[in-house]
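The values are calculated or read from the model by the stated rules, or taken from the named source; none is laboratory data. Only a predicted model underlies this, so the values are computations on that prediction, with no experimental measurement involved. Every residue, glycine among them, receives a Cβ derived from its backbone with ideal geometry; neighbour counts consider all protein chains shown.
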Amino acid sequence: MQEPALIQIGSLGKGTSGQVLHAKLLAPLGDYEAGTEVAQKRPLTAAGEQSIQREQLVLAGVQAPNLQVSLGLFEDQEGPFLLTRFIDGPTIADLIAQGPMEDEPLRRVGRDLAQALAALHTAGWLHGDLAPANGRQDPGARTILLDLGFAERTDAKASPRGTPAYLSPEEARAAPKTCASEIYSLGLILWELATSSHPLSQDGCASNVPEEALTDAVHLLPSARNARLAPDLDELLGQMLDEEPSARPTAQEVARWLGNPPPPHTWGEDPWAARDCLPFVGHKEERALLRQAWESASAGQGTLVWLEADRGLGKTRLMAEFVRSLRRGPSPATYLAVRCTAALEGRPTHPIRTLLRRWLALGRHTPASPRESRLLASRTTPEVAAALAQTLDPGTTDALPQVEITLLSHWLIRTAGSSPMVILVDELEHAGEATLAVLSRLIDVLPGLPLLLVLGIRAPESSQSEAVAALAARARGSLHHHRMRLSPLDIQSIKELIDLTFAGSVPAERLAQALQKRTAGRPTRIDALIKQALLIGLMRVHAGGGLELVGDIEDLPHMQGRIPDLQARLNSMDPKARNWIERIAVDGSVARTERLTQGATRDEVHAAIALLLREDWLEQGPEGPAFASSTIRDGVLTAIPHARRRKLHSQAADALAHESGSGRAFERAFHLKAADRREELLQLVLELLPKAQALGHPARVLVLVEWALASSPPPHQEALQISAHQALELHAAAAEAAGGLGRRQQESQHLDALVELPFDSKRNPTEVARVYLLHGHAAADTGRAGLARGYLRNAARLGLPGKQADLTAEALRRLAEIELATGNQEKALKLARRARSRANSPLVGLKALLIKGLIALLQDRPTRARAHALAILKRCDKTPDTPARAEVKARAWILKARCHSAMGDPETALPLLQSALQAAEQAGQRALEAEAHARLGRVLIDLDQDQAAEQSLREGQLIAQEIRMGQGEVLARLFLGTLLMEQDRSLGARLVKQALERACALGLVRAESLAQAIWARVLRAGNHPEEAAEAAQAALKSLQRVGAELCDRIVIVGTHQLIIDPDGTGDESRKRSRDLEQRIARVSRAASRGAHRARMKASLESLKRAVENPEGPLYPRRGAQSED
């Protein structure tokens, strides 16, 4: 062949035996035109020259679409060189670095490589170095297998050389390379493409696979790292990565499978089952119940299972086995699992974010890339996807918890609705309020999703926290659910385990009884006992397979609990190894290399983790090496002496000192508390509190204050002295946070502590004003108007100047709210004006302006009130985005929505209330959230969206009851009662009656007036004329005292006329009717547009006619009247 004319473009790489240059043909060469780009391989050693000769020999004899193409072997004055086609595209290693690959491109890459490998194997060649660096995608997305310099004949005794991380176990043990070995290497590559991590590496990086790990079989299913992986790929990779070479498929079979997966019933035995530590036995009833629940869930009838189990009973293993069986059947499921932990629950919604990371197959500290953003956008809106990606960025300050709750709920519900799914949230007793809030929203819509939701909990129902108990009550009230409790393995199940695990000569009956006696039938203890027996020589692996008993059964160790067993294992450990396992246990459940390198090199850390993996202390988990079970970690922690544990926590705190982010700082505070470094903890808490408050993290505020106040010194140290001002900051922050969350008992405790502080009004006016204001807020929120007046007046009288004037302004504003609620509009307006004039912060002034808007609404000037709301929203946009701004915006949106509702326009009110609800959640103001839900429910009723209305009203009622917020509870009960009266009159009437009684008890006169009117209509319909007349009179009397919005006024006055003077002949009745007509006309004239004016007038007049109609509904729907 002619010598090629080339021009070099650049270098593609250089090694010890050769280099590869990027070149271009200057003249045609065979079938290739001038300008064709090529790769020119030049050897630098004799071995390199043999390599290119071998590669040319292989490529000349084997042609396949997915195999590199050779242009020929040539020689010039510099020596021999090989020309191959240049592939302009990413290597497989580049694809791995881009993140877990989606299903179709993964199959295409695997099929291309398998076809190339099949062509080589059929021709009698082994590739010799199957690794990600030796495959590249061309511009058409076809993967080409490259670099055959290590190729050898299949009938030769091929040496086990190649890239170490991609050797098969038999090659790592120095056995010759075979076709089956290369299938194993291909399996590792596909595993890595599917998960973006190497299964044998502690940190997922192939370059960090320890040499001793190469002889181990891969035990972790790829779907444990990438939950969205198709079930058949789990199956195929299990076969390709089988430790027994003869059990692996051929390259042709792999290519066929990836092109056309066979149905599950043809798969045969589970290839992963043999790699489990022990076979799974027992719990047949529980598995049957889960199967029954899944049949319902997969049909679109979402199902909840409460799974109670003590430690060591195999809850996690049960779920893993159940899901594995589903994924090998006709109705597979995506499986997501997370365990709540007390330490991590300080970070709001952490478990739900972990579920999101696992669904995305995204590492713990890896930020979201464009790939993850695209995936999120496929399940949510682009705006939600962008916000979710932002919350996953480790360098971003924690988002507002209520915003995260909304975002994560949206993702979880949309994802669960897109395909059948099983979700396990374990150790629910440690779940924080934000996590429970997301689960609560999921439970609300569960009946319509193809989702099996399993909530694991250790504590029996009687000892559950209030929040978990409330979630359980909510579930009972909204959907069909199952409850099951795991029991220890019985003697028959243990005998089954022995039959599957031990060689035939073992005395099964005696051994089963001994295992049950020594482990109480707990699977994790049986596993630990067998490992301990192997370690001390009482058992060994039988030559023919299985285990055999070497010592006497009576010598087997007793596993009465996790501590004795673990203590024995810990005592037998090398001191250095024990130090590592204790450090990992204190730091968390996952071994994080960056934390452990303090005082050690990265190589030492990797070696230590590899040792702990081999000895079964750790196992490869979705987020890296982690404790094989929480039982082991708890046991290690318990076995660490107290002084030693303090030292380890201190090391962990120091390691976190240089990491950024409020989540890291919170974690550091946890370690400082455990290390008894009380002064540093106090200073850190005082630094974190303003940040947590600004970000809207009330639950975190409470935890931080609890840590700072409860830090008890060791016996030889004096108690930490907290100054009065520090105590004020702590208790005031906690009282405010507890009030926002509706935790009245905690709020009261911190308020009582504030009273005890040594401040007086002359020397410490600011501090005293804060204490009065906090007490005033608490009293007002719980309906104690008289007591609230006293506190707030005391705060206002102090007349603080400058920046502290906001305390005075806030006290005056709350006083204005109280006066407005009791009907004194003139006094409320004066107080609101004073509050605005004293306010230093724009937001405090805007909250006072809201009072003017509410007064205008009650004076039948809804357009004026709406103008106030619009002005407030416009000014809010010029202030920083904080929870305080979100609160003001929520109040303004509610006011604007009430204006539109009063004008007979519920369609416009609906999105405004939805925005108000979102802002209230963002602000962490649960009282506002309850009110927004109640008013949203009322508007949805008017729009005939009954199901959505009932859901919103029940949500508002539950929130209000949880936080003991009277107004929200009254409104929700009242509107829910009016809705349910149309379906079940007795139930609806009971709710209306309860709302009326609650409004009377709390002094909510305006709500009481409307409730009395509706109750009067209920009594009239029930043939109780005297009681109806009494209620109607009481409603009118309250109206005359405190006023009402126009729509409520129409209902109250119209109901009075219907019951007292149904013919409308009395002078007072005619006078009140004319007054209503004049009000309707006046309000309608104020509308800005003619069409809007006419629609508003028609709607209000129609409402009046419906209320006064003897045959009309118990409570007319405003939206239904607009067309009348």
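A few remarks follow.
- When residues in the range 332-383 are screened for being hydroxyl-bearing (Ser, Thr, Tyr), modelled with pLDDT of 85 or more and closer than 16 Å to Gly624 by Cβ, 1 of them pass.
- Options Ala835, Ala902: the member that is touching a residue at least 40 places away in the same chain (Cβ under 8 Å) and of a type in the set (A, V, I, L, M): Ala902
- Residue match in the range 1018-1027 (condition: of a type outside the set (S, T, N, Q) and in contact (Cβ under 8 Å) with a residue 40 or more places away in the chain): yes
- One residue from Gln19, Gln56, Gln50 being under 52 Å from the mean Cα position of the chain (by Cα), under 18 Å from Glu75 (Cβ atoms) and not basic (Lys, Arg): Gln19
- Checking each residue of the range 114-125 against the condition of being assigned to a loop (DSSP other than H, G, I, E, B) and surrounded by fewer than 20 Cβ atoms within 10 Å (Cβ to Cβ) gives at least one match.
- Unmet criterion (only one of (1) modelled with pLDDT of 80 or more; (2) of a type in the set (A, V, I, L, M); (3) under 48 Å from the mean Cα position of the chain (by Cα); (4) part of a helix (DSSP H, G or I)) for Ile1080: (3)
- Extreme residue, modelled with the lowest pLDDT, among residues of the range 496-552 that are in a helix (DSSP H, G or I) and of a type in the set (Val, Ile, Thr): Ile536
- Sole exception among (1) over 36 Å from the mean Cα position of the chain (by Cα); (2) in contact (Cβ under 8 Å) with a residue 60 or more places away in the chain for Ser761, by number: (2)
- One residue from Leu611, Leu695 being buried (at least 19 other Cβ atoms within 10 Å of the Cβ) and closer than 30 Å to Thr519 by Cβ: Leu611
- Looking at Leu278, Leu258, just one residue is closer than 19 Å to Pro523 by Cβ and not assigned by TED's automatic domain parsing to the domain that holds Arg525, and that residue is Leu278.
- Scanning the range 301-320 for residues that are of a type in the set (A, V, I, L, M) and part of a strand (DSSP E or B) returns Leu304, Val305, Leu307.
- For beta carbons closer than 7 Å, sequence separation of 6+ or different chains, a first residue in the range 717-741 that is over 10 Å from Val701 (Cβ atoms) and modelled with pLDDT under 90 and a second that is of a type in the set (Gly, Ala, Ser) and assigned to a helix (DSSP H, G or I), the qualifying pairs are Gly739/Ala778.
- Pairing residues of the range 742-757 that are basic (Lys, Arg) with residues that are surrounded by fewer than 22 Cβ atoms within 10 Å (Cβ to Cβ) and part of a loop (DSSP other than H, G, I, E, B), at Cβ distances under 6 Å and at least 6 apart in sequence or on separate chains, gives Arg744/Arg964.
- Any hit, the range 792-808, residues being among the β-branched types (Val, Ile, Thr), under 19 Å from Gly776 (Cα atoms) and in contact with a Leu (Cβ under 7 Å, 6 or more places away or on another chain): yes
- Options Leu233, Leu186, Leu214; residue that is under 32 Å from the mean Cα position of the chain (by Cα) and outside any loop (DSSP other than H, G, I, E, B): Leu233
- Subset of the range 126-150 (residues that are over 38 Å from the mean Cα position of the chain (by Cα), part of a loop (DSSP other than H, G, I, E, B), over 23 Å from Leu241 (Cβ atoms) and among the aliphatic types (A, V, I, L, M)): Leu146, Leu148
- Among the candidates Asp752, Asp760, the residue that is surrounded by fewer than 17 Cβ atoms within 10 Å (Cβ to Cβ), over 21 Å from Arg813 (Cβ atoms) and at pLDDT below 85 is uniquely Asp760.
- If you go through the range 243-292 and keep only what is in a helix (DSSP H, G or I), more than 23 Å from Ala118 (Cβ to Cβ) and at pLDDT 85 or above, you end up with Pro264, Lys284, Glu285, Glu286, Arg287, Ala288, Leu289, Leu290, Arg291, Gln292.
- Scanning the range 1015-1068 for residues being assigned to a loop (DSSP other than H, G, I, E, B) and of a type in the set (Ser, Thr, Tyr) gives a total of 1.
- Of residues in the range 633-690 being acidic (Asp, Glu) and within 15 Å of Asp587 (Cα to Cα), the one surrounded by the most Cβ atoms within 10 Å (Cβ to Cβ): Glu667
- Scope the range 6-22; condition without any contact (Cβ under 8 Å) to a residue 24 or more places away in the chain and within 22 Å of Ala60 (Cα to Cα); matching residues: Val20, Leu21
- Selection within the range 217-230 - buried (at least 21 other Cβ atoms within 10 Å of the Cβ) and part of a helix (DSSP H, G or I): Pro222, Ser223
- Number of residues in the range 59-108 that are in a helix (DSSP H, G or I) and more than 30 Å from Ala361 (Cβ to Cβ) equals 3.
- Flag for Leu188 being touching a helix residue (DSSP H, G or I) at 6+ places or on another chain (Cβ under 9 Å), crowded, with 24+ Cβ neighbours inside 10 Å, within 30 Å of Trp359 (Cα to Cα) and in contact (Cβ under 8 Å) with a residue 40 or more places away in the chain: yes
- Residues located in the range 60-82, provided they are buried (at least 16 other Cβ atoms within 10 Å of the Cβ), under 15 Å from Leu148 (Cα atoms) and out of contact with any Ser or Thr (no Cβ under 7 Å at 6 or more places or on another chain): Val62, Ala64, Leu67, Gly72, Leu73, Phe81
- When the helices (runs of 4 or more DSSP H) confined to the range 762-867 are screened for residues that are within 18 Å of Glu736 (Cβ to Cβ) and in contact with a helix residue (DSSP H, G or I) (Cβ under 9 Å, 6 or more places away or on another chain), those reaching at least 3 such residues are found at 765-781, 785-797, 805-821, 842-858.
- Residue in the range 168-177 that is more than 18 Å from Glu55 (Cα to Cα), touching a residue at least 60 places away in the same chain (Cβ under 8 Å) and assigned to a helix (DSSP H, G or I) present: yes
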